[in-house]
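In what follows, a single structure is set out as structure tokens and then discussed.
The values are calculated or read from the model by the stated rules, or taken from the named source; none is laboratory data. Computed from a prediction, not measured in an experiment: that's the story for all the values here. Cβ placement follows ideal geometry from the backbone for every residue including glycine, while neighbour counts extend to all protein chains displayed. These area figures cover heavy atoms from the full protein model, side chains too; ligands, DNA and RNA do not enter into them. Shrake-Rupley method; radii C 1.70, N 1.55, O 1.52, S 1.80 Å.
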Amino acid sequence: MSELTTIARPYAKAAFDLAVEKGAVESWNEMLFFAGALASDEQVKALLSSIPSAKEQADVIIKLGAEQINELGQNLIKLMAENERLAAIPAVATLYAEFKSEYDKEIDVDVVSATELSAEQKATLSAALEKRFARKVKLNCSVDANTMGGLVIKAGDTVIDGTVRGKLNRLSTTLQS
């Protein structure tokens, strides 16, 4: 776990708890995503590095995001500035999204196949994965011509290699044992 993640966790948790209490989980997710993207932007980073005061840096972020960041979000940014933690804003956004996924009982699943999957194949795969992970599944499908038949499925720490190449590799390993 990185130092920024450790620093960001209490801020993300507090923001998430407040969002749940206010019934604004999605709007907070969008707001923090925007603030994280803003704080990660190279031009904004350069601008902020030229400003000595953390309070003034927070004011710049708030001014740049005035339409997207509500008063509570602005208070979070000000608090982070007071504690000299503005660099952790992108990590707060990432952790918040993880809390939201857990709360929503959702999991992002990356699927790589040799050819485009049909809507029926996606529905079948999604249903099977929802059963396996006991969560709503959001499929992120991509095509890789180098994939030799089958699918590679990645969900969090779980990797399922159902490609022909993967099966041949497992068979080769078994035969060598």
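Couple of notes before you dig in:
- The residue that is most open to solvent (accessible area, probe 1.4 Å), among those in the stretch 43-59 that are touching a helix residue (DSSP H, G or I) at 6+ places or on another chain (Cβ under 6 Å) and of a type in the set (Gly, Ala, Ser), is Ala54.
- Members of the stretch 2-18 found to be over 23 Å from Lys63 (Cβ atoms), assigned to a helix (DSSP H, G or I) and of a type outside the set (A, V, I, L, M, F, W, C), listed by number: Glu3, Thr5, Thr6, Arg9, Pro10, Lys13, Asp17
- Residues (small (Gly, Ala, Ser) and over 12 Å from Tyr103 (Cβ atoms)) located in the stretch 13-22: Ala14, Ala15
- Selection count where residues are in contact with a Leu (Cβ under 8 Å, 6 or more places away or on another chain) and open to solvent by 70 Å² or more (accessible area, probe 1.4 Å), scope the stretch 86-104: 1
- Look at the stretch 13-40: where a residue is touching a residue at least 60 places away in the same chain (Cβ under 8 Å) and a partner is crowded, with 20+ Cβ neighbours inside 10 Å and not hydrophobic (A, V, I, L, M, F, W, C), sitting 6+ places away or on another chain with Cβ atoms under 7 Å, you get Ala15/Tyr96; Phe16/Tyr96; Trp28/Tyr96; Asn29/Tyr96; Leu32/Tyr96.
- Scanning the stretch 19-39 for residues that are assigned to a helix (DSSP H, G or I) and open to solvent by less than 50 Å² (accessible area, probe 1.4 Å) gives Ala19, Val25, Trp28, Asn29, Met31, Leu32, Ala35, Gly36, Leu38, Ala39.
- Only a single criterion out of (1) open to solvent by 80 Å² or more (accessible area, probe 1.4 Å); (2) of a type in the set (Gly, Ala, Ser); (3) over 30 Å from Gly149 (Cα atoms) is not satisfied by Ala119, namely (3).
- Scope the stretch 111-160; condition in contact with a Phe, Trp or Tyr (Cβ under 9 Å, 6 or more places away or on another chain) and not small (Gly, Ala, Ser); matching residues: Thr158
- Pairs, first assigned to a helix (DSSP H, G or I) in the stretch 152-166, second surrounded by 18 or more Cβ atoms within 10 Å (Cβ to Cβ), C-beta under 8 Å, six or more apart: Arg165/Thr147; Gly166/Val152
- Set side by side, the residues Ile62, Ile107, Ile69 differ, and just one is touching a residue at least 40 places away in the same chain (Cβ under 8 Å) and either surrounded by 15 or more Cβ atoms within 10 Å (Cβ to Cβ) or on the phi > 0 side of the Ramachandran plot (or both), which is Ile107.
- Within the stretch 95-136, the residues that satisfy the criterion of being under 25 Å from Thr6 (Cβ atoms) and either in contact with a Ser or Thr (Cβ under 8 Å, 6 or more places away or on another chain) or among the acidic types (Asp, Glu) (or both) are Leu95, Glu98, Glu102, Asp104, Glu106, Ile107, Asp108.
- Annotation note: Cβ proximity below 9 Å between a residue of the stretch 119-133 that is touching a residue at least 12 places away in the same chain (Cβ under 8 Å) and among the aliphatic types (A, V, I, L, M) and a residue that is outside any helix (DSSP H, G or I) and open to solvent by 60 Å² or more (accessible area, probe 1.4 Å) (sequence gap 6+ or interchain) occurs for Leu129/Arg135.
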